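> Have a look at this one before I ask anything.
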Amino acid sequence: MVENRGNAYFNIEFYREKGRIFMDAEKALTINKNCWNSIAQHFNGKDALPFYGPYSQNEEELQLLGNINQTAVLDIGCGSGHSLEYVRNKGAKELWGVDISEAQLQTARKLLPYEYVSLHCCPMEEAKGILPSNHFDIVYSIYALGWTMDLPKTLSLVYSSLKKGGIFVFSWEHPFYPTLDVKEGRIEVEQAYSSSQDRVFDSFKEEGIQAVMKRRTMSTYINELIQAGFTIERLIECECSEEDVFYSERYYSSFKASKVPATFILKARK
Ligand SMILES: C[S@@+](CC[C@H](N)C(=O)[O-])C[C@H]1O[C@@H](n2cnc3c(N)ncnc32)[C@H](O)[C@@H]1O
């Protein structure tokens, strides 16, 4: 049974089914598209290769993408295009990007005005008709995959777009990180790690814009990759160096990241 549970504060409708509170995926995508069009300026080149995300090692150290020269590459949630610019500089011969936000893609189009670059404004969940099958040597997603409202559908899309032997590398917030809060020098677990309630922000990036995200555990990412057909090659739970640690109660802090990884990176192969 689906029961409407309107939330006046967020002005977002939630539904309850089998004890789980969630939001209609189509509505969530509309909200997130609006959000990313409004906050694009905060992400111009942020969370882009060679960096994998907050308090993480970078691609120059990890070498997860291998030899990029002459490859066909797809970026899921390509944002402002700075990761694509990185792989272009490493010799990729064909660059594709998918992103939900036209504002992000406008920046990417200015950065990458080349005929071998193909950028598409589309939710990653719905890009099946746009992307070629068995085509890419490398698909990656830098701090964007977790925005999907439908992980199995997105992973199946990535899988079908890759050539046999092609690799998929993605980074995202470590699922344990958002469950923690820092208060008066202590780190407290504020929410259940395995909670499946959607994560709703009433003011993403303090811009007064709503956003909604699925909560997933590490096992969900791993099991869904296996289910999609991938072989997992590496999981990195990023470490924050002890020397860089200083106390802060901010959401992203070296204090918190020194106790629990802020970012994880997964490498899988078709
Ligand atoms: C943190 S930014 C990623 C930055 C980007 N990877 C780069 O290299 O610059 C997250 C991106 O995911 C995009 N996004 C959010 N939800 C999405 C969805 N459902 N489908 C496609 N892109 C999405 C946002 O528009 C944003 O550009």
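> Straight-line reach from Lys256: which aspartates and glutamates fall under 16 Å, measuring Cα to Cα and dropping same-chain residues less than 8 apart?
Glu173, Asp181, Glu184, Glu188, Glu190, Glu237, Glu239, Glu242, Glu243, Asp244
> Let me ask something else. Given charges of +1 on the Cβ of Lys and Arg and -1 on the Cβ of Asp and Glu, with all other atoms neutral, how large is the dipole of segment 181-261 about its Cα centre, in debye to the nearest 20? Please list the in-between numbers first.
Values: 11 positive and 16 negative charges, 61 e Å.
Computed about the Cα centre, the dipole is about 300 debye.
> Given labels modelled 7 Å from the Cα in the Cβ direction, how far is it in nm from His120 to Ser156?
1.6 nm
> What relative contact order, as a whole-number percentage, does the chain give when Cα pairs under 8 Å and 6 or more residues apart are counted?
Taking the mean separation of contacting Cα pairs over the length of the chain, I get 19 percent.
> Right, here's the next one. Compute the whole-percent fraction of alpha carbon pairs in segment 126-270 spaced more than 26 Å apart. Mind showing how you got there, number by number?
On the way: 3420 of 10440 pairs.
Roughly 33 percent, once rounded to a whole number.
> So, one more: What is segment 55-98's relative contact order, in percent, from Cα pairs under 8 angstrom and six or more apart in sequence?
Values: 47 pairs, mean separation 19.7, N = 44.
Relative contact order comes out at 45 percent.
> What pairs in Lys90/Lys153; Lys110/Lys153; Lys153/Lys205; Lys90/Lys214; Lys128/Lys205; Lys33/Lys110 have C-alpha atoms more than 23 Å from each other?
Exceeds cut-off: Lys90/Lys153; Lys110/Lys153; Lys153/Lys205; Lys90/Lys214; Lys128/Lys205.
> Which longest uninterrupted range of the chain lacks any GluC sites (Glu not before Pro) assigned by DSSP to a loop state (not H, G, I, E or B) and surrounded by at most 16 other Cβ atoms within 10 Å?
Working: sites that count: Glu115, Glu184, Glu190, Glu206, Glu207, Glu239, Glu249.
The longest uninterrupted stretch comes out as 1-114.
> Could you tell me the calculated FRET efficiency between Lys93 and Ser194, based on Cβ-Cβ distance and R0 = 35 angstrom, to the nearest 0.05?
Working: r = 43 Å, r/R0 = 1.22.
Once rounded, the FRET efficiency stands at 0.25.
> Can I ask one more? Mean separation of Cα pairs under 8 Å and 6+ residues apart, divided by the residue count of segment 192-270: what relative contact order is that in percent? Walk me through the numbers on the way to the answer.
On the way: 98 pairs, mean separation 19.7, N = 79.
RCO, segment 192-270: 25 percent.
> For segment 180-232, what is the convex hull volume of the alpha-carbon atoms per residue, in Å³?
Working: hull volume 7.1 nm³, N = 53.
Residue-normalised Cα hull volume stands at 133 Å³.
> Could I ask something else about it? Taking the alpha-carbon set of segment 46-174, what are its Rg and Dmax in Å?
13.2, 36
> For Lys163, put the label point 7 Å out on the Cα→Cβ axis and report which residues of segment 50-78 keep their amide N under 19 Å from it.
64-76
> Given the -39500 (n - 2.57) contribution per DSSP H run of 4+ residues, what per-residue ellipticity at 222 nm results for the chain, rounded to the nearest 500 deg cm²/dmol? Could the numbers behind the result be given before it?
Details: 7 runs with 63 residues, N = 270.
-6500 deg cm²/dmol, from helical runs alone.
> Let me ask something else. Pulled fully out, how much extra length does the chain show between Leu235 and Asp181, if you take 0.36 nm times their separation in residues and subtract their Cα-Cα distance? Provide the component values of the computation, followed by the final result.
On the way: separation 54, 0.36 × 54 = 19.44 nm, distance 2.46 nm.
Stretched fully, the Leu235-Asp181 segment lengthens by 17.0 nm.
> Next question. Provide the convex hull volume over Cα atoms per residue for the chain, in Å³. Intermediate values should be presented prior to the final figure.
Details: hull volume 35.6 nm³, N = 270.
Per residue, the Cα convex hull of the chain comes to 132 Å³.
Read the figures in this text as sums done on the coordinates, not as results from a lab. The structure presented is a predicted model; accordingly, all values stated were derived computationally and were not measured. Using ideal geometry, Cβ is built from the backbone for each residue, glycine included, and neighbour counts are taken over all protein chains shown.
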